[in-house]
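What follows is calculated from the coordinates using simple rules that are stated; it is not laboratory data. Source: prediction; values computed, not measured. Using ideal geometry, Cβ is built from the backbone for each residue, glycine included, and neighbour counts are taken over all protein chains shown.
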């Protein structure tokens with residue numbers, strides 16, 4: 001029984017998440033192979049983030065450009081949700097960050113897809129056909145066509161307005177996903193209420209987020225944090 005309990009503890013599935021940064025500890029490194037001794041593997045996304053299922057008795061290794069880090073025993077990891085490491089590479093000088101490539105986290109993509117399915121009638125709205133009231137035996141003196149057209153115009157406007165609001169909500173969620181507290185804290189060194197105030201003042205627009213390169217996006221955070229610190233009188 002004791003042996004069975006010990007074996008179960010070693011094979012229990014754990015999800016380890018984190019980010020692989022370059023030597024500046026600011027830029028995430030994409031394409032890093034994350035490998036567990038049990039055989040599970042994954043790669044970091046465009047922001048350097050990863051998620052991998054491991055057993056309690058596993059160790060993790062990170063491979064980049066054919067070179068491996070030391071092995072990190074899972075049992076020594078204090079926080080499975082934020083196991084971050086840094087590699088001796090610099091993103092900005094090693095390769096270009098391509099524009100127009102967007103990677104969604106599972107939760108963001110799932111929310112967006114579910115949103116479109118739930119409101120499919122709004123996104124796929126088609127104006128219904130209109131039939132003459134007189135052809136259908138309508139009463140004389142009652143312009144049924146005009147009433148139906150007016151109703152359809154009203155419904156169309158309402159659907160377009162609702163669709164616009166749903167798209168704006170999706171864009172806001174994506175901005176929050178990219179401009180998140182963990183990333184901003186690491187780049188700026190801000191925390192607590194000061195971090196909250198900065199993020200409220202300097203949340204970037206959706207157009208900027210999707211059109212800027214990774215380097216431009218991080219530089220925006222740095223530049224605006226300097227301005228914020230100067231205005232708040234917290235510059236060192």
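Brief remarks on what is shown
- Share antiparallel - DSSP beta bridges, region 13-94, percent rounded to 5: 90 percent
- Fewest-first sequence of 207, 58, 22 by Cβ atoms within 10 Å of each Cβ: 207, 22, 58
- Nitroxide proxy distance, nm - points 7 Å out along Cα→Cβ at residue 13 and residue 203: 3.5 nm
- Sorted from longest to shortest, the spans of the Cα atoms of region 179-232 along the three principal axes equal 29, 20, 16 Å.
- Cα centroid separation - region 15-85 against region 169-236, whole Å: 25 Å
- Using the Cβ-Cβ distance between residue 186 and residue 71 with R0 set to 22 Å, the FRET efficiency works out to roughly 0.30.
- Rg(Cα) / (2.2 N^0.38 Å) computed for region 13-94, rounded to two decimals: 1.01
- Likely footprinting exposure, 89, 54, 15, fewest C-beta neighbours within 10 Å first: 15, 89, 54
- Computed over region 13-94, relative contact order equals 38 percent, with contacts defined as Cα pairs under 8 Å that lie 6+ residues apart.
- Residue 78-residue 24 pseudo-label distance in nm [points 7 Å out on the Cα-to-Cβ vector]: 2.7 nm
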